Amino acid sequence: MSFSRESQYRNIFATGDFARERRRVPPILIGCLALLLMVCCNCVGLVLGLQFGGGLGNLTKSAQLPFASKPTVTPTVDRNAPVPLRTPGLMDNRLELTVINVQRPLKVEGGIALPPNQQFILVTVKIANKSSTTLQTTAADFKVRGGGGLTYDANPKTVTIPNLLTDLSIAPGKTVEAELIFQIAVDDWDLQLFWKAGNQTRAFKLEK
C-alpha cells in the first residue's frame, strides 16, 4: 500500500500537533501550583519575621499561658503561734497586744534582797481595743514562761512602779501602754509572755 507525498506530509504534521497537544500542561494545574507556591512563601516569610522580631516567642508564651499558669496558694496563718517581739498580736476578742520593750535585768531601789540566782525583768506592753465594746484585762492574765518550763506570775508584791499594769478597762478604739514586772531565774532562757484574753491564751516572744 502506498501513499502520496502530500498525504505523508499531512500525517507527519498531524502526528506532531497531536503529540504537542498531549504534552501541554492544563492551565488550571499551573494556576494551582502558582497559588500553592505563593502561600508557602508567605508562610515562610511570616515565620521568619516573627522569629527575628521576637514575636514568635511572645506568641508561643501567650498560647501556653493558660496551661502554664499555676494557682496562687495563700499561706495559712497560725493564730496560736508565738508572736515575735515588737509585733502586734490580735486576739479573738479583738484586743491587740504588742510587747514594745523588755528590760533584763531590772534594777530596783530600796534595798530589796533577791536570791543570787534570781532577777527582775520589766515588760512594757501596748494594748489596743479593736472591738466596738469596752474590754478588760488584769495582771493575773499575764505569765512568763522560760525554756526550762518554769512559769512566773506578774507583779511580785515586793516591787511597785507608777505605770504598773493592774486592772485595765479599755474603751473601743483606745490604746493603753503599761508595764509588768516578773521575778525569774537568772539562767532561764527563751522567755515568752503568755496572755489570756477571753477564752484564748497566746504566747508573745520576749527575746529575738
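Each value in this text was obtained by applying a stated rule to the coordinates, not by laboratory testing. On a predicted model such as this, the values are computed, not experimentally measured, just so you know. Glycine gets a Cβ as well: all are built from the backbone with ideal geometry, and neighbour counts include every protein chain shown.
The residues in region 92-142 that are farther than 17 Å from Ile181 by Cα and touching a Leu at 6+ places or on another chain (Cβ under 7 Å) can be counted, and the count is 7.
Identification of strands (runs of 3 or more DSSP E) wholly contained in region 156-207 with 3 or more residues that are acidic (Asp, Glu) and surrounded by 15 or more Cβ atoms within 10 Å (Cβ to Cβ) yields no element. The number of residues in region 100-117 that are assigned to a strand (DSSP E or B) and out of contact with any strand residue (DSSP E or B) (no Cβ under 6 Å at 6 or more places or on another chain) comes to 0. Residue check: Ala154 meets all listed conditions (1) closer than 22 Å to Leu90 by Cα; (2) in contact (Cβ under 8 Å) with a residue 40 or more places away in the chain; (3) small (Gly, Ala, Ser) but one, namely (2). If you go through region 97-127 and keep only what is buried (at least 18 other Cβ atoms within 10 Å of the Cβ) and not β-branched (Val, Ile, Thr), you end up with Leu97, Gln119, Phe120, Leu122.
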